[in-house]
1. Any idea of B:Y32's accessible area? Nearest 10 Å², probe 1.4 Å.
2. Using modelled backbone amide H atoms (1.01 Å from N, in-plane), which distant-in-sequence or interchain residues come within less than 5 Å of A:F44's amide H?
3. Per residue Cα convex hull volume for the protein assembly as shown, in cubic angstrom?
4. With label points built 7 Å along Cα→Cβ from the Cα atoms of A:R32 and A:L74, find their separation and express it in nm.
5. Can you give the average number of partner chain beta-carbon atoms within 10 Å of each beta-carbon in peptide B:191-203, as a whole number?
6. How high is the relative contact order of region B:19-172, in percent, with contacts defined as C-alpha pairs under 8 Å that are six or more residues apart?
7. Which whole-Hz couplings ³J(HN,Hα) result when phi for each residue of region A:20-29 is put into the Karplus expression 6.51 cos²θ - 1.76 cosθ + 1.60, θ = phi - 60°, listed in order with x for Gly and Pro?
8. Quantify how strongly other chains surround peptide B:87-97 by giving the mean number of their Cβ atoms within 10 Å of each of its Cβ atoms.
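The values are calculated or read from the model by the stated rules, or taken from the named source; none is laboratory data. Just so it is clear, the structure is predicted and the values come from calculations on it, not from any experiment. Here the Cβ positions follow ideal geometry from the backbone for every residue, glycine too, while neighbour counts run over all protein chains shown. Protein only, heavy atoms only, side chains kept; ligands, DNA and RNA dropped before computing areas. Shrake-Rupley method; radii C 1.70, N 1.55, O 1.52, S 1.80 Å.
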Amino acid sequence: MIDRPAFWIVTIALGAATYAIRLSFLAWSQSRTFSPRVKRLLDFVPVTVLPALIAPVIVFPAGSVDAVDPARILAALVALGVGLWTKNVIAVILSGIGALMLANSVLMPL
Amino acid sequence: MPSCPKTPDNFDAMIVNQTATLRAGTFATLPYQPAIIIFGLVSGAVMAEAGLTLFETLAMTVIVLGGASQLAAVQMLTEQTSVAVIVATCICINLRFGMYSAALAPWFSGMPARTRLFAAYVVHDQSFGVALARFQSREEDWRARMVFFLAAGGITALVWQLTTGIGHALGARIPDALPLDFAMPMIFIAMVVPFLKGRPKWLAAIVASGAALALRDLPLDLGLLAATGLGIAAGYWAEARA
């Protein structure tokens, strides 16, 4: 059972902190500019955060700590290849899920 | 003396353009919405199962607006974890929004402070990915970027909030078959593709992925931040050397 005061304290504190995090650099840069070097560093944010977020989710499926799932890795690589080739978001999602279902049905009997 | 800004001569054309930008921002997120909807439904069902009321679920979704951190918070609340630990852990999960804030900031140069207060609320994974890809691929002033960003971020936030509420109402009736938990990683792959240009970017992505796998057991979700830092360092080094 969730303790009600605890729930509201967490929600409000986390909400305020998360908003402050989101606002941080947008507010900071209101009257300041980033140096060229910092801008070059920031250019690497999307290519590092997004892969780092999903790599563990892909390789280690929910609920398992150490069991690597080769079908999911394979499907993710297929999706990445399709994405680089077609630049189409829907193609990425469908090919990834399709490849996973295919790989699971092929690998399952092994 | 500060004067009232004149209505530009091409005012009508600007309005038309902003409408087109508004539509572009909304449409850019459309391919991602099915995965967001699934994630929202499942999250709402999880929150219902944990014993939250519909009002509490919607309040949390509107106030926090961060799916992963909300699910972690609810999980820890049911385990009677101390409030301080829950908040600290979930803040760490959401620290990536600070990196998005920094990466977006240079593109919003000229944007007034009050507008930034609104834009900040919708800084999340999808708005960041979709908007930054757009900003890098075309010349626009901050107004057009703001319209695009608010449209992309707002529609995604709204869809996530509504589907979380629907998921709460449907509860256990949502089927948990199909590899649905795989849809979320797929949309991140689709989001990263436009940015993977040139060797330094690839190196950064590979280092960050490898480090995230190696460091995934670090407490407080700090593996993500460490992996990102290592990836950025590797990419920057490769670019400087080239």
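1. Looks like 10 Å² after rounding.
2. So A:F44 has HN proximity to no qualifying residue.
3. Each residue corresponds to 162 Å³ of Cα convex hull volume.
4. A separation of 5.1 nm, rounded to one decimal place.
5. Values: counts 6, 11, 12, 5, 7, 6, 1, 1, 0, 4, 5, 1, 2.
Mean shielding by partner chains, rounded to a whole number: 5.
6. Working: 166 pairs, mean separation 77.7, N = 154.
Across region B:19-172, relative contact order equals 50 percent.
7. Computed from phi, the couplings for region A:20-29 are 4, 5, 5, 7, 2, 7, 5, 6, 4, 7 Hz.
8. Numbers: counts 8, 3, 1, 5, 6, 0, 2, 7, 4, 6, 9.
Taking the mean over all residues of the peptide, I get 5.
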